[in-house]
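Chemist: Before we start, here is the structure in question, set down as structure tokens.
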Amino acid sequence: MLDRSSTIRRPRAARALIAAAAAAVLAASLLAAPTPAGAAVSRAELALRWAPVHYQDVDATGSHALSGQSDYITRVDFDGDLNGRNNWDRAGQAGNSLAAHAYYSVLETSTHWYITYYFFHPRDWTDHPFFESEHENDGEGVLFAIERDGSPYGVLRSAVTVAHSDFFSYTPVGSTWTSGREGVDGTLQFQASPHDTFQHPVTAQEAQGHGLKAYPQYTINGDGLVYYPSTVAETPSDGNDRDVRYQLIDIFAAGGLWAQRANPSLFAALGTFAGDTSGDCGAGTWTCSTNSANAPWGWDDGDDAPGRGEIASDPAKLSAEYFTVPAGLARTYSYNPYAGAAAALKEAARTAPPIVD
């Protein structure tokens, strides 16, 4: 549903003028009230600063595409409830908001911040009739490792993205991190946002299945959306809107996604969303699978050393495995809300069936 910060898209010319005015106001405010030297920023500010400019390819082909809306990122409760088993059906119903949101979590050690971003789609869909599956709910994302170098926001050293059941690792130009047990798959690029004064890392998702990689390993082919991090949530004007602001939601917020982890209407198991075959899911293609999407604490690359969910719950371990870090990295967390559920997460990693999101 539309929250107080959500808004409907305006014509592009009007949006450009509004964006320019907003940027001027923001720049003026930053000049008028600079961050004091050495002042600590909040986790929300840190997440907003490093949130990616996000390219989303859009496919409008076939009835399951909902004219492209099946590729919009949104909230898990976009339809006003926390029932994961009606999201496929309600994605196409009038009155439900597809305003742009993404989830985040920040974990801290003495040497690094680890920020996970999670992009949700109500449908993982296809328009192919043979040997293709689809399912209700879809969730993929990225982990950024930020070195605490004494500056307010630190310096981004690496990214690991989630594309179905595989992870892909990246470093930006100038990073001191190099390949570890996993090879670096590419260079993480940066792009300016028209809505703030920062250079942001750039990520991209494919249409339909929504695997996520660093741009341009995935990119927009034809129609597509470009999402920019913001404090407001906009609904795309159509499937080819290149300036859509998205709002961040803290995974650890009171009553939020992590707090709902034992809600049987939303999760079939720890880290696995509940989803069924209702509606037309699977119609005209090979099959519709059930309970086939993961939250970050359920993400897993089956052929690497870190266990299920550790990309989110123990990102220092994953970073030490994936990269060679010359300065070293601390392994003790000063802030990690996942730690209280360590035993349950370990048991889920041992018993949960593999999920191909």
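Chemist: Quick one: which residue in 286, 297, 258 is of a type outside the set (A, V, I, L, M), modelled with pLDDT under 95 and either under 19 Å from the mean Cα position of the chain (by Cα) or open to solvent by 30 Å² or more (accessible area, probe 1.4 Å) (or both)? So that I can check it myself, show each step before the final result.
Modeler: On the way: 297 fails: modelled with pLDDT under 95; 258 fails: modelled with pLDDT under 95.
None of the others qualify; the one that does is 286.
Chemist: In region 190-212, how many are in a strand (DSSP E or B), surrounded by fewer than 17 Cβ atoms within 10 Å (Cβ to Cβ) and of a type outside the set (A, V, I, L, M)?
Modeler: Initially, region 190-212 is screened for residues in a strand (DSSP E or B), giving 190-192, 199-205, 212.
Filter once more, so that each one left must be surrounded by fewer than 17 Cβ atoms within 10 Å (Cβ to Cβ): 190-192, 199.
So of that shortlist, the ones also of a type outside the set (A, V, I, L, M) come out as 190-191, 199.
Counting residues in region 190-212 that are in a strand (DSSP E or B), surrounded by fewer than 17 Cβ atoms within 10 Å (Cβ to Cβ) and of a type outside the set (A, V, I, L, M) gives 3.
Chemist: Being hydrophobic (A, V, I, L, M, F, W, C) and at pLDDT 95 or above is the filter; apply it to region 37-46 and report the residue that is surrounded by the most Cβ atoms within 10 Å (Cβ to Cβ).
Modeler: 46
Chemist: Within the set of pairs 6 or more residues apart or between chains, which connect a residue that is farther than 15 Å from residue 206 by Cβ and among the hydroxyl-bearing types (Ser, Thr, Tyr) inside region 156-168 to a residue that is open to solvent by 40 Å² or more (accessible area, probe 1.4 Å) and not in a strand (DSSP E or B) with Cβ atoms less than 9 Å apart?
Modeler: 158/184
Chemist: Spot the failing condition for residue 326; the list is (1) over 18 Å from residue 140 (Cα atoms); (2) open to solvent by 20 Å² or more (accessible area, probe 1.4 Å); (3) touching a helix residue (DSSP H, G or I) at 6+ places or on another chain (Cβ under 8 Å); (4) in a loop (DSSP other than H, G, I, E, B), and only one is missed.
Modeler: Just one mismatch for residue 326, condition (3).
Chemist: Since residue 248 meets every condition but one in (1) assigned to a loop (DSSP other than H, G, I, E, B); (2) open to solvent by less than 50 Å² (accessible area, probe 1.4 Å), which condition does it not meet?
Modeler: Among (1) assigned to a loop (DSSP other than H, G, I, E, B); (2) open to solvent by less than 50 Å² (accessible area, probe 1.4 Å), the lone unmet condition for residue 248 is (1).
Chemist: Shifting gears a bit: Please tell me if residue 152 is surrounded by fewer than 19 Cβ atoms within 10 Å (Cβ to Cβ) and modelled with pLDDT of 95 or more. Can you show your working first?
Modeler: Values: surrounded by fewer than 19 Cβ atoms within 10 Å (Cβ to Cβ): yes; modelled with pLDDT of 95 or more: yes.
Taking the combined requirement at face value, the residue satisfies it.
Chemist: While we're looking at this one, here's another question. Which of the following residues is of a type in the set (A, V, I, L, M) and within 15 Å of residue 136 (Cβ to Cβ): 345, 266, 318? Spell out the reasoning first.
Modeler: On the way: 345 fails: within 15 Å of residue 136 (Cβ to Cβ); 318 fails: within 15 Å of residue 136 (Cβ to Cβ).
The conditions single out 266.
Chemist: Okay, next question. Quick one: count up the residues across region 261-283 that are open to solvent by 20 Å² or more (accessible area, probe 1.4 Å), of a type in the set (Gly, Ala, Ser) and assigned to a loop (DSSP other than H, G, I, E, B). Break it down stepwise before answering.
Modeler: So the first thing to find is which residues in region 261-283 are open to solvent by 20 Å² or more (accessible area, probe 1.4 Å), and the list is 261-265, 268-270, 276-280, 283.
Checking the rest, the ones that are also of a type in the set (Gly, Ala, Ser) come to 262, 265, 268-269, 278-279, 283.
Filter once more, so that each one left must be assigned to a loop (DSSP other than H, G, I, E, B): 262, 265, 278-279, 283.
Total satisfying the criteria: 5.
Chemist: Among the numbered conditions (1) under 15 Å from the mean Cα position of the chain (by Cα); (2) modelled with pLDDT under 95, tell me where residue 206 comes up short.
Modeler: Residue 206 satisfies every listed condition except (2).
Chemist: So, in region 329-357, how many residues would count as being surrounded by fewer than 19 Cβ atoms within 10 Å (Cβ to Cβ), assigned to a loop (DSSP other than H, G, I, E, B), in contact (Cβ under 8 Å) with a residue 12 or more places away in the chain and not aliphatic (A, V, I, L, M)?
Modeler: Result for region 329-357: 3.
Chemist: Further question: Among the listed residues 122, 201, 172, 194, identify the single one that is free of Cβ contacts under 8 Å to residues at least 60 places away in the same chain and closer than 26 Å to residue 234 by Cα.
Modeler: Values: 201 fails: free of Cβ contacts under 8 Å to residues at least 60 places away in the same chain; 172 fails: closer than 26 Å to residue 234 by Cα; 194 fails: free of Cβ contacts under 8 Å to residues at least 60 places away in the same chain.
Just a single option satisfies the conditions, and that option is 122.
Chemist: Looking only at region 47-72, which residues are surrounded by 20 or more Cβ atoms within 10 Å (Cβ to Cβ) and among the polar types (S, T, N, Q)?
Modeler: Across region 47-72, the qualifying residues are 56, 69, 70.
Chemist: If only one of 176, 171, 161, 187 is open to solvent by 50 Å² or more (accessible area, probe 1.4 Å), more than 19 Å from residue 45 (Cβ to Cβ) and part of a strand (DSSP E or B), which one is it? Break it down into steps so the answer makes sense when it comes.
Modeler: Numbers: 176 fails: part of a strand (DSSP E or B); 171 fails: open to solvent by 50 Å² or more (accessible area, probe 1.4 Å); 161 fails: open to solvent by 50 Å² or more (accessible area, probe 1.4 Å).
Matching residue, one of 176, 171, 161, 187: 187.
Chemist: Which numbered condition in (1) in contact with a Leu (Cβ under 8 Å, 6 or more places away or on another chain); (2) outside any helix (DSSP H, G or I) is the only one that residue 47 fails?
Modeler: (2)
The values are calculated or read from the model by the stated rules, or taken from the named source; none is laboratory data. Quantities reported herein were computed from a predicted structural model and do not represent experimental measurements. Virtual Cβ from ideal backbone geometry, glycine too; neighbours counted across all protein chains shown. Keep in mind that these areas ignore ligands, DNA and RNA; they rest on the heavy atoms of the full protein, side chains included. Shrake-Rupley method; radii C 1.70, N 1.55, O 1.52, S 1.80 Å.
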